[in-house]
Structure formats: structure tokens, C-alpha cells
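Step one of this worksheet: look at the structure below.
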Amino acid sequence: MLEKFFSKETSYLRTSEIRDLLKLTEGRDVISLAGGLPDPQTFPVEEIKKIVNDILTNYYDRALQYSTTAGIFEFRKELVNLSRLRGISNISEKNIFVTVGSQEALFMLFNILVDPGDEVIVEAPTYLAALNVMRTRRPNFNSINVNDNGPDLDELEKKVREKVSDGKKIKLIYVIPTAQNPAGTTMNLDNRKRLLEIASKYDFLVVEDDAYGFLVFEGDSPPAIKALDKEGRVIYTGTFSKILTPGLRLGWVVAHEDVIRELELYKQNIDLHTPSLSQFIAMEAIRRGVIQNNLPKIRRIYKEKRNVMLEAIQEYFPKDARWSKPIGGMFVFAWLPEKIDTTKMLEKALQKGVAYVPGSSFYADYSGKNTMRLNFSYPSKEQLVEGIKRLGETIKQELNV
Ligand code: PMP
């Protein structure tokens, strides 16, 4: 009724299919492989209880007070230390900016960087909520397919060259180099270097979303692309959601001071600053080694669950399906035979008692109709097996229609 009063901006807002789906499954016997929640078993609750108690005893005057827009100074210092674990050195607290989850970081970055019509590069598929923010800026999307090593850099270079010869300039690439959501891919070190060389040669920015950089459970986690950056070209985002708890709503940016200054102006208009109490809790969690000591447990739990999911897929999915074998993170991505449209199939899956996210929402052009994202971090192992079994049956029935 009141739509006529809404600004034009609202017409670019897209509902998150994940959220709509979760609504559909509420209160029903549906195993949801659609979400993206961490396993609550990974939350270091006893340590957090103690930390909160200590903070409210010793620092209540600051932890319950307003604080600065860029983030509490001592916390930013700890974030310099934490970033070092991702290979990022040669930075100071002046290069750090604290945000309400990394989602706010992405929201602010795309708003301060992207104008309508700007050429942006994204992976196909890529993180849905980042795409949705970018869509509100109305850029021109250039999608690069991912292979086992992340974005196909030959395709990237070709696309960039084409644009340049058309007289266009690329503004940025948004990339999730480690345990990508949704595709589960990880770029190796050589590809990280090469991406940076291409960005340097054609002078565009790299927005690196490192949401899962600490969550590699097989082999070594390659250093962040930011760790290789000598030109201030890479803008890095990190999050506490997967390494501590998402409920604190804490993320951070590592970037050149020019970017930090602009973020500061922008955030003052949004929410003044990130909650002080959350920052104090995370700061103490780093200082006391709670996060560092808890990472092996998180990795072990997710590795076990990934194995359970992959074994179930191997058993129950048709042989002509393909799927990722992620070395970290929380998701498996599947490519089904072309004749299947996973958006259309969803209702049948829900009837069988299993939910997933249709893959097309992870593509800037809504292609990827035969793909789906499956979450293994939240469901129990029993639910993973049963959910994949139900899904396998749904797919096989769909193939026979
Ligand atoms: N980036 C990626 C790739 C993610 O998967 C997520 C969470 N699903 C986020 C950013 C945002 O997370 P948060 O706002 O909780 O930090």
C-alpha cells in the first residue's frame, strides 16, 4: 500500500533466496542444506562467558560506551596481529577498519567504489549477498567462470583486454580466493600472484573477501592476496563470524589509508560505530588465544562433516553430476545434468524434506540453472546423510520425467 512512497533505490533491492527459503522450512520436517550457519558446537561459550564477566567488571566504562568510528584502537592493534596469521604484514592500525560483520564492509566498499555503469568483475558463481549489494550500484558485470583453482585467469585476462580495447576501464574484481562461497574453490599461490599482476597491469582494484581464510582444513591455507600486495591495490575483508561467533556481528577491513578515510565518513552516516561490547569481547578472545586455540577444533568438525557429505553425494547422486571437493569453508557446490533446473526442482525437494539453495542466484546473470549449493557446517552428520539421500532421490526422479 505504501510502496508509492519508497525511493527508486528500493527497486534494486533483491530478496535473498536463502532467507526466503529458511522461512519456507520453518516448523517443518525439512533438513536444510540451504543455510550457511556455523555449527554452535564451535562457539567457545565458556571462554566467552568468562571474558564478558571480566570486561563488565574491569572495563564497563568503555565497553558499554560509544566508541570511535574506525574501531577501538587496541582492538585494531589486535587485528593487525590476527591479519598476520593470513600472511599480511607491513600494516598498522591505520590500515584497519572495524565493521558490523564483513557484510557491512562489502556494503560500504561497493558504495564508495562503484558508480552506475562501472565495469566490475565477479566470479561465476560468487557470494550472493555481495552480488545483491553490487546490483544496487547498477554496474556492468563481467562474470568469470571458476575452475578448481578459482577464477579462470585466462578468461579474465581475455575479458579485460577486450574491455580495454573497447576503451573501457575496469574498476575492480570481487574475489573470494579461499574456500569460496559457494563454489568451494581455492586459488593457489601462483594464481594469486598472477591475478595481482593482471590487476596491476590494467590498474584495477582487488576486493578480497577472506571469510574462510582461517577455515582451511586440508593442506595449507595460501596467504591472502593482500599479503602479496605492494601497491595498496587490494582491499581485504575478514570476519569473526566463522572463527568466533556470527552473533557478535564483527568484521574488519585491511586497506590503504585513503580507503579507510572514506569508510570512516560513510560509516558515520550508517551507524556511527560498531558495537563497543562486541569489539571488547573479540579483542580479549584474540589476546587470550581463544580464537587461535579453537581453530583446530572448528577445522576438525568441518572436515568430518565435509567428508560425510561427500561420501553421501558419491553414493546417492547420479553419476553424471559433478561437485566440488572443498578443502575448507562450509559448502559443496554441485553441477547437475543440464536438463535439471534446480529452482524448479526445489519445491519437489521440499516435499521430500530437504532444502538447498538453487545456484542461479550466485551468478550475476542468473545462469547456472543446473547448479546448487549445499551446506555441511550446520546439519548433524545424520541429517547430512539423510538430506543428501532425499536430494539424490529427488534428482533421479527429475531426470526420469
Ligand atoms: N563473505 C562471504 C563469502 C560469506 O560467506 C559471508 C557469510 N555467509 C560473508 C561475507 C558475510 O559474513 P558476516 O557479515 O557474518 O561477516
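Computed over region 1-126, the percent of Cα pairs more than 23 Å apart is 62. Here the relative contact order of the chain, from alpha carbon pairs under 8 Å that lie six or more residues apart, stands at 24 percent. Cross-link partners for K305 among the lysines, with Cα-Cα distance under 19 Å and sequence neighbours closer than 8 places in the same chain left out: K242, K297, K325, K381, K389.
Subtracting the Cα-Cα distance of D220 and E155 from their residue separation scaled by 0.36 nm leaves 20.7 nm.
Counting Cα-Cα pairs of the chain in 20 Å increments starting at 0 gives whole-percent bin shares of 27, 58, 15, 0.
Candidates L374, N147, P222 compared by Cα position along the dipole of the chain: farthest toward the positive end lies L374, with charges placed on Cβ.
Give the carbon-plus-sulfur fraction of the accessible surface of region 58-291 in %, rounded to a whole number; probe 1.4 Å, heavy atoms of protein chains only. Roughly 47 percent of what the probe reaches on region 58-291 is carbon or sulfur.
In summary, the lysines within cross-link reach of K163, defined as a Cα separation below 19 angstrom excluding same-chain residues under 8 places away, comprise K171, K201.
Most simply put, region 58-291 has about 35% antiparallel DSSP beta bridges, counting only bridges with both residues inside it.
Summarising the strand pairing of the chain, around 50 percent of its internal DSSP beta bridges are antiparallel.
When you filter the chymotrypsin sites (Phe, Trp or Tyr not before Pro) in region 336-377 for DSSP loop state and at most 13 other Cβ atoms inside 10 Å of their Cβ, you are left with Y366. Listed by chain and number, the lysines whose C-alpha is less than 29 Å from the C-alpha of K4, apart from same-chain residues fewer than 8 away, are K23, K267. Take every Cα-Cα pair in region 58-291 and report what % of them are more than 23 Å apart. Result: 46 percent of Cα pairs exceed 23 Å. Taken as Cα centroids, region 355-401 and region 155-225 sit 27 Å apart, rounded to the nearest whole angstrom. Over all pairs of different C-alpha atoms in region 307-393, the reciprocal of the mean inverse distance, the Kirkwood hydrodynamic radius, equals 13.0 Å.
Considering only R62, R135, R28, the mean-square fluctuation computed in a Gaussian network model of the chain, springs between alpha carbons under 10 angstrom, is largest for R28.
Basic side chains Lys and Arg get +1 at the Cβ, acidic Asp and Glu get -1 at the Cβ, and with that the dipole of the chain about its Cα centre reaches some 260 debye. Mean-square fluctuations from a GNM of the chain, with a 10 angstrom spring cutoff on Cα atoms, peak among P222, P275, P318 at P318. Accessible surface calculations at 1.4 Å, restricted to protein heavy atoms, place the chain at 44 Å² per residue. Across the options L109, L33, T239, the greatest Cα extent toward the positive end of the charge dipole of the chain (unit charges at beta carbon of Lys, Arg, Asp, Glu) belongs to L33.
The values are calculated or read from the model by the stated rules, or taken from the named source; none is laboratory data. On a predicted model such as this, the values are computed, not experimentally measured, just so you know. Neighbour counts are summed over all protein chains in view; Cβ atoms, including those assigned to glycine, are modelled from backbone coordinates with ideal geometry. Surface accessibility is based on the protein's heavy atoms, side chains included, excluding ligands, DNA and RNA. Shrake-Rupley method; radii C 1.70, N 1.55, O 1.52, S 1.80 Å.
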